[in-house]
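First the structure, in the form of structure tokens, and then the observations on it.
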Amino acid sequence: ASVSSSSHVFTLGWIHQMSPLITLSLRGGPRISRDNVAPEVEGSLARRFQHGEIMFTYARTQNIAVGKSGPVETESYLGAVSYQPLPRLTIRANPAYYINDGEGSKTKVYRLDLNATYVINLWLSVQASYRFSYEQESGRLRSSSSSGDRYRNVIFLELTIAPQYR
């Protein structure tokens, strides 16, 4: 049998420039489903520096997860740090922690993305990235095919060519 579900969300947002270097952003409202009213929220705080930026974001929303027949509640804690030690080199780190709760199970996801981009000239850049993630699932309805902890390590090396058109 096919399971269908829908939600409707109404949010209001507010952005405040606390100083020339600090920005606060808030958004929230109710998420209305068939039998339920739940909060939909997101908040972000960003601080710029001379050669970089740091940001923290919290969000609570509803998502679709592969292998689940219904929606899952997701809480996310996201960080972002970027630093430009040289005019053509940018280094980024994005740590993240997610909690997905639904269908009698809870999955915790720990993730770290590291990235370095070097701009060779106006139309050519090289980028190296590393992505690590670790998932931990618990609950009474764990599926046997996906039981246990899951690790993922991915390395990218990318050359980007973007010709400038006049």
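Suppose we keep just the alpha-carbon trace of the stretch 10-166; what are its Rg and Dmax in angstrom?
19.5, 60
Using the Cα centre as the reference, give the magnitude of the dipole from point charges on the C-beta atoms of the chain (Lys, Arg: +1; Asp, Glu: -1; all else neutral), rounded to the nearest 20 debye.
The dipole of the chain has a size of about 240 debye.
So, with a 1.4 angstrom probe, what is the percent of accessible area on the chain that is carbon and sulfur?
59 percent
Give me the 1.4 Å probe accessible area per residue for the chain, excluding ligands and nucleic acids, in Å².
Numbers: 11640 Å² over 166 residues.
Per residue, the chain has an accessible area of 70 Å².
From the phi angles alone, apply the Karplus equation (6.51, -1.76, 1.60; θ = phi - 60°) to the stretch 40-45 and give each ³J(HN,Hα) in whole Hz, x where the residue is Gly or Pro.
10, 9, 8, x, 9, 10
³J(HN,Hα) across the stretch 18-29 via Karplus (A = 6.51, B = -1.76, C = 1.60, θ = phi - 60°), whole Hz, x for Gly/Pro?
After applying 6.51 cos²θ - 1.76 cosθ + 1.60, I find 5, 7, x, 10, 10, 10, 10, 10, 10, 8, x, x Hz.
For a quick protection proxy, order the peptides 20-28, 56-64 by their average other-Cβ count within 10 Å, most packed first. Don't skip to the end; give the middle numbers.
Details: 20-28: 13.8, 56-64: 15.4.
Peptide ranking by packing, descending: 56-64, 20-28.
The values are calculated or read from the model by the stated rules, or taken from the named source; none is laboratory data. Source: prediction; values computed, not measured. Here Cβ is always computed from backbone atoms with ideal geometry, including for glycine, and neighbour counts include all displayed protein chains. Just so you know, the surface numbers come from the protein's heavy atoms only, side chains and all, with ligands and any DNA or RNA stripped out. Shrake-Rupley method; radii C 1.70, N 1.55, O 1.52, S 1.80 Å.
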